[in-house]
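Taken together, the values in this text are just the output of simple stated rules run on the coordinates, not laboratory data. None of these values were measured; they are calculated from a predicted model. Note: ideal-geometry Cβ built from the backbone for every residue, glycine included; neighbour counts use all protein chains shown.
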Amino acid sequence: MKVEIWSDVVCPCCYVGKRRFEAALAAFQHADDVEVTWRSFELDPGAPAEREGDYVSRLAAKYEVSAVEAQAMVDRMTDSAATEGISMRFDRARPGNTFDAHRLIHLAGERGVQDAVKERLLAATFTDGEPIGDRDTLVRLGADAGLDADEARSVLETDAYADDVRADERQAAAFGISAVPFFVIDRTYGVSGAQPAPVLRSALERAWAESHPTPLTAVGATGDAGPGCEGDSCAV
């Protein structure tokens, strides 16, 4: 079974959603048969390498609310993340353009360390206060998570994986995805948002049941087949 997750590394709900999905997968009986792929989604493709100002002020301006209301939004997200074991430090956050980060995640997918790189980039953004749009920083973070630093730098200095990022984003648009995280199971089921782990587990179980129907068990007094018809003849 394949699960594709569209998300961005500057999306706090995506970090919470990752933790909840991990909890759902850990409780799923067939977890070893699930292939997880992280797909690209840029919340703001036109973002600069690093945004100016503090997080609360930017949030207030974006949603046209007061600083007090914006701080309350940040506090709610911080509390929600804490319940999942995530320490979010919005006071340290240095978000920016994430196109290069997504290219790095595609490289990680080919090197078998995609989940580790995704986790490192999320933690770097929301806990460590790293400038996520800076290429030197991305090389270091990728190396932290298992990538070869020289290869990562080479990728970021070219346009490698740019087409893969754009292909993910075109597919997201085709699916009608406008907010992340968004979980797609076997290209059949879609789950929007950082849903609780039981909801995500239920979606996994339903998708598995439909793609792996349970064989019927024959019931009879002696185990022998009863009368039936096959073709145009019947044994009665």
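Between the listed residues 142, 202, 154, the Cα displaced farthest toward the positive end of the dipole of the chain, a dipole computed from Cβ unit charges relative to the Cα centre, is found at 202. Just to confirm the number: angle between the C-alpha axis of helix 135-144 and the first principal axis of the chain, 0 to 90 degrees, nearest 10? On a 0 to 90 degree scale, this one is about 50. Evaluated with a Cβ-only charge set (Lys, Arg +1; Asp, Glu -1), the stretch 87-209 carries a dipole of roughly 500 debye about its Cα centre, given to the nearest 20. Shape call for the stretch 1-135 from the C-alpha gyration tensor, a ≥ b ≥ c root eigenvalues: rounded (a/c under 1.5), prolate (a/b greater than b/c) or oblate? The shape class here is oblate.
For the chain, the longest principal axis of the Cα atoms and the long axis of helix 12-26 meet at an angle of about 30 degrees. Listed from fewest to most Cβ neighbours within 10 Å, the set 189, 63 follows the order 63, 189.
Put in order of Cβ neighbour count within 10 Å, fewest first, the listed residues 2, 62 become 62, 2.
Semi-axes of the equivalent ellipsoid of the stretch 1-75 are 33, 16, 8 Å, computed as sqrt(5λ) over the eigenvalues of the C-alpha gyration tensor in descending order.
Provide, in order from the shortest bin, the percent of all Cα-Cα pairs of the stretch 33-94 in each 5 Å bin, continuing until the bin that contains the maximum pair distance. Values per bin, smallest distances first: 4, 15, 17, 19, 22, 13, 5, 3, 2, 0. Here the Karplus relation 6.51 cos²θ - 1.76 cosθ + 1.60, evaluated at θ = phi - 60°, turns the backbone of the stretch 175-189 into coupling constants of 7, x, 7, 10, 9, 10, x, 9, 9, 10, 10, 6, 6, 10, 10 Hz, with x for every Gly and Pro. In a simple Cβ point-charge model (Lys, Arg +1; Asp, Glu -1; nothing else charged), the stretch 158-211 has a dipole of about 260 debye relative to its Cα centre.
Ranking of 147, 121 by neighbouring Cβ atoms within 10 Å, starting from the fewest: 147, 121.
Panel note: the C-alpha atoms of the stretch 63-146, placed on their principal axes, show extents of 43, 26, 17 Å (largest first). Give the share of C-alpha pairs in each 5 angstrom bin for the chain, from 0 to the last occupied bin, in whole percents, shortest bins first. Histogram of Cα-Cα distances, whole percents per bin: 1, 6, 12, 15, 16, 14, 11, 6, 4, 2, 2, 2, 2, 2, 2, 1, 0. Can you give the angle from 0 to 90° between the axis of helix 197-211 and the longest principal axis of the chain, with both taken from C-alpha atoms, to the nearest 10? On a 0 to 90 degree scale, this one is about 40.
Count Lys and Arg as plus one, Asp and Glu as minus one, and take only other residues whose Cβ is under 14 Å from that of residue 4; the net charge is then 0.
Charged side chains reduced to their Cβ positions (Lys and Arg at +1, Asp and Glu at -1) give the chain a dipole of some 540 debye around its Cα centre. Here the convex hull built on the C-alpha positions of the stretch 155-200 has a volume of 106 cubic angstrom per residue. Computed from the Kirkwood radius of its Cα pairs, the Stokes-Einstein diffusion coefficient for the stretch 134-177 at 37 °C and 0.692 mPa s stands at 281 µm²/s. With K and R counted +1 and D and E -1, the other residues having a Cβ less than 13 Å from that of residue 146 yield a net charge of -2.
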